[in-house]
Amino acid sequence: MRQQLQLLLLIALVIALAAAGYRILFGSGPGYELVVVSATNATAEVSGESLGAIGPGTLLPVDSRVATGEDGSARLQYGDNAELLLEDSSSIQVISADPTGLRVELESGTVSARVRQGAAPLNISNRGRSVGATDADFTVMVGHSGPMSASSQRGRVSLIGMGEQGILEPNTSVHTDQENR
């Protein structure tokens, strides 16, 4: 009887470990995906291959490029606590999206970000310059010829490659004409 009980406990343990392993490998992840919430006059491509017009629910993997046309916009969600809004005539490329954070390259145009406490870091970069936060609302603008501006509406924003400032305080802005390469 004792051997049968031990065998039964061993079988239950193996089943529990198998179920946990299955959830880890195939279960729903923690939400480290960039998803389109809404889009108007916006397109995407992945590794140079066009996805065409994007709409709600479209997943944007690493190496995706999203572009909005005139009068276009795209609202993108990263996990539960981070959101990007591409304004008209803007384009970004997704550099990385994983548990360490979201990093996008703003090629041109304007992107507004809302990052809530508990979110993975969100960084918007351009030609070696970077603007990022873990709990802030901020906007980044890049012109076709290289100037870059950033403004913080809420929270502290970190700056890299934009002059002497390392932190952008709430309700302040910074602009640079310099172009890092």
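Determine which member of the set L86, L76, L60 is within 11 Å of the chain's Cα centre (by Cα) and under 22 Å from Q153 (Cβ atoms).
Numbers: L86 fails: within 11 Å of the chain's Cα centre (by Cα); L60 fails: under 22 Å from Q153 (Cβ atoms).
It is L76.
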Next on the checklist: Can you say whether E107 is touching a Gly at 6+ places or on another chain (Cβ under 9 Å), closer than 18 Å to A42 by Cβ and either modelled with pLDDT of 95 or more or surrounded by fewer than 20 Cβ atoms within 10 Å (Cβ to Cβ) (or both), as far as the supplied structure shows?
Outcome noted: no
Item to check | Residue selected from the stretch 95-104 under the condition buried (at least 17 other Cβ atoms within 10 Å of the Cβ) and among the small types (G, A, S), by the criterion farthest from S152 (Cα to Cα) | outcome: A97
Item to check | Residue match in the stretch 45-61 (condition: surrounded by 13 or more Cβ atoms within 10 Å (Cβ to Cβ), of a type in the set (S, T, Y) and over 20 Å from R114 (Cα atoms)) | outcome: no
Checklist outcome for this item: Within the stretch 66-82, residues open to solvent by 60 Å² or more (accessible area, probe 1.4 Å) and modelled with pLDDT under 95 come out as E70, D71, D80
Checklist entry - Which residues, taken from the stretch 127-146, are touching an Asp or Glu at 6+ places or on another chain (Cβ under 7 Å) and either open to solvent by 20 Å² or more (accessible area, probe 1.4 Å) or closer than 12 Å to I160 by Cβ (or both)? => result R127
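The values are calculated or read from the model by the stated rules, or taken from the named source; none is laboratory data. Computed from a predicted structure; not experimentally measured. Backbone-built Cβ (ideal geometry, glycine too); neighbour counts: all protein chains shown. The accessibility values were calculated without ligands, DNA or RNA, using every heavy atom of the protein model including side chains. Shrake-Rupley method; radii C 1.70, N 1.55, O 1.52, S 1.80 Å.
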